[in-house]
1. Restrict the check to segment B:2-13 and report whether at least one residue is of a type in the set (A, V, I, L, M), touching a residue at least 60 places away in the same chain (Cβ under 8 Å) and at the interface with chain A (Cβ under 9 Å from one of its Cβ atoms).
2. Which pairs have Cβ atoms under 7 Å, sit 6 or more apart or on different chains, and link a residue in segment A:18-34 that is within 14 Å of A:Met113 (Cβ to Cβ) and facing another protein chain (nearest Cβ under 7 Å) to one that is charged (D, E, K, R) and part of a loop (DSSP other than H, G, I, E, B)?
3. Just for segment A:198-223: of the residues that are crowded, with 16+ Cβ neighbours inside 10 Å and charged (D, E, K, R), which one is nearest to the other protein chains (Cβ to nearest Cβ)?
4. How about segment A:113-142: which of its residues are among the hydrophobic types (A, V, I, L, M, F, W, C) and either within 22 Å of A:His274 (Cβ to Cβ) or not in a helix (DSSP H, G or I) (or both)?
5. Give me the residue from segment A:183-210 that is touching a residue at least 40 places away in the same chain (Cβ under 8 Å) and not hydroxyl-bearing (Ser, Thr, Tyr) and, out of that set, farthest from A:Ser134 (Cα to Cα).
6. Identify, by number, the condition in (1) farther than 25 Å from A:Ala21 by Cβ; (2) in contact with a Ser or Thr (Cβ under 7 Å, 6 or more places away or on another chain) that A:Gly137 doesn't meet.
7. If I filter segment A:53-69 down to residues being farther than 13 Å from A:Leu93 by Cβ and at pLDDT 95 or above, which single residue comes out as surrounded by the fewest Cβ atoms within 10 Å (Cβ to Cβ)?
Amino acid sequence: MSQKLDNTLAVLNGAIGDYLARTNNGLAIAATLMHGGRALVLEREALAAAFPSAGSKLVVLVHGLMSTEDFWRQAEGGDYGTQFARDLGYTPLYLRYNTGLAIADNGAALERMLGELVRAWPVEIAELLLLGHSMGGLVIRSACHVGRETDAAWLGRVRRCIYVGTPHRGAPLERVGRLVAKVLQAVDDPYTRLSADLANLRSQGIQDLGDPRHPVPLLTSIEHLLIAGTISREPWLAALFGDAMVSVASATDRARGEPDHPTTAFEVFPGFDHVALARRPEVYECMRSWCERSR
Amino acid sequence: MTDERGLNKWRGLKALVHDAVEHGSRAVERVHLDTARRPFTILEQVPAVAGPSKIVHTVHDVLVTTTYTAVRLVNAAVGKAADVAFDLLDDDPALGKQANPPHAPDLDPDPDLD
């Protein structure tokens, strides 16, 4: 029941979460860092009790639109966080947040929480690895940008960020949604106008996904790994549909012919759709070997 | 689970249903009136039936508006009643526990999710 309820609330928050937050509705999800299915209190005593043998390396996983941290879970159990813990000694933490809010607002919330986390973690944090799927990657970018603006201490601990299926240059589906809403609104008919009103109910978080360029650049002080998938191995289908939600150009934040960014690596997984990217051992292996290479 | 957190979610659900009925009824009312206006506008151009058409149009619009207003009034009354019930549960811990018997749907089974 709990998991079903969490997932239902996640979908509801993704669809109209900005409205829920604006009206102080009790169904709005508050941004929280989770571990083992429980919310963490970002105070030293509470964290020391929750992590008796706290390590100095943390990985923070940020899910995408209409999801919870459960989205990362693989069919055979475990997720990228537990795999990073097993192989590279990272302690996994999972952000749960209201995906209907503006990405910038969620980025600011994540920035605040990372600041509190670094201050309250029982031992000195040596490294903070940030891993985002889909919208989660944009939230990470936003948080890093706010961290740089405010000269945040936690940002000094971030050496690497990984973005999985993140629409750095917008998601085509949302752009289609915008176009459809505009067309419906232009038709002088009460029913089509009602449909346009319904389409425009979608949350600010969803609308942000349509932006063709993320308003803040990737920080050059951090190494970035951008992972994309394609639903088909056929080049023309791959170019047309990407991972079914995000095009390869958007997920790798580069158009054909653009020069490579010096601190950015990217990997494309043919045959992997948007959801598979968050759960496949091949993707994990790619991330793990990149982390080991870039040590 | 703390009852207060569970109640917050129930309150949230109530507010959401209330808002959906409120905004939904206004939107459907607008469509209803706009759709009816078209044939009435045409009829009101025909001299032979213009007078009666205007009367029927006005009666129609009053009936439609009254009906949707009644829906919103009932919605508001049910909302107020639910608020009073939630306040009672808030004030009475014993009642609060009864609100979530073991087999009832639990809107906040995890104490730490809020």
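1. First, pick out the residues of segment B:2-13 that are of a type in the set (A, V, I, L, M): B:7, B:13.
So of that shortlist, the ones also touching a residue at least 60 places away in the same chain (Cβ under 8 Å) come out as B:7, B:13.
After this cut, where a residue has to be at the interface with chain A (Cβ under 9 Å from one of its Cβ atoms) as well, the list is B:7, B:13.
The answer is yes; a qualifying residue exists.
2. A:Ala30/B:Asp114
3. A:Arg202
4. Pass one, segment A:113-142, residues among the hydrophobic types (A, V, I, L, M, F, W, C): A:113-114, A:117-118, A:120-121, A:123, A:125-126, A:128-131, A:135, A:138-140.
Matches in segment A:113-142: A:Trp121, A:Val123, A:Ile125, A:Ala126, A:Leu128, A:Leu129, A:Leu130, A:Leu131, A:Met135, A:Leu138, A:Val139, A:Ile140.
5. Start the filter on segment A:183-210 by keeping residues that are touching a residue at least 40 places away in the same chain (Cβ under 8 Å), which leaves A:201-206, A:208-210.
Keeping just the survivors that are not hydroxyl-bearing (Ser, Thr, Tyr) gives A:201-202, A:204-206, A:208-210.
Values: A:Leu201: 21, A:Arg202: 18, A:Gln204: 16, A:Gly205: 12, A:Ile206: 11, A:Asp208: 12, A:Leu209: 9, A:Gly210: 12 Å.
Filtering first and then ranking leaves A:Leu201.
6. (1)
7. First pass over segment A:53-69, keeping only residues farther than 13 Å from A:Leu93 by Cβ: A:53, A:56, A:64-68.
Remaining after also requiring at pLDDT 95 or above: A:56, A:64-68.
Details: A:Ser56: 16, A:Gly64: 27, A:Leu65: 27, A:Met66: 22, A:Ser67: 25, A:Thr68: 24.
Of everything passing the filter in segment A:53-69, A:Ser56 is surrounded by the fewest Cβ atoms within 10 Å (Cβ to Cβ).
Rundown of residues vs (1) touching a Lys or Arg at 6+ places or on another chain (Cβ under 6 Å); (2) within 30 Å of A:Tyr284 (Cβ to Cβ); (3) among the hydrophobic types (A, V, I, L, M, F, W, C), yes/no style:
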{"site": "A:Ile140", "(1), (2), (3)": "no, yes, yes"}
{"site": "A:Thr150", "(1), (2), (3)": "no, no, no"}
{"site": "A:Gly156", "(1), (2), (3)": "no, yes, no"}
{"site": "A:Arg160", "(1), (2), (3)": "no, yes, no"}
{"site": "A:His168", "(1), (2), (3)": "no, yes, no"}
{"site": "A:Lys182", "(1), (2), (3)": "no, no, no"}
{"site": "A:Arg193", "(1), (2), (3)": "no, no, no"}
{"site": "A:Asp211", "(1), (2), (3)": "no, yes, no"}
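The values are calculated or read from the model by the stated rules, or taken from the named source; none is laboratory data. Just so it is clear, the structure is predicted and the values come from calculations on it, not from any experiment. Note that each Cβ is placed from the backbone with ideal geometry, even for glycine, and that neighbours are counted across all protein chains shown.
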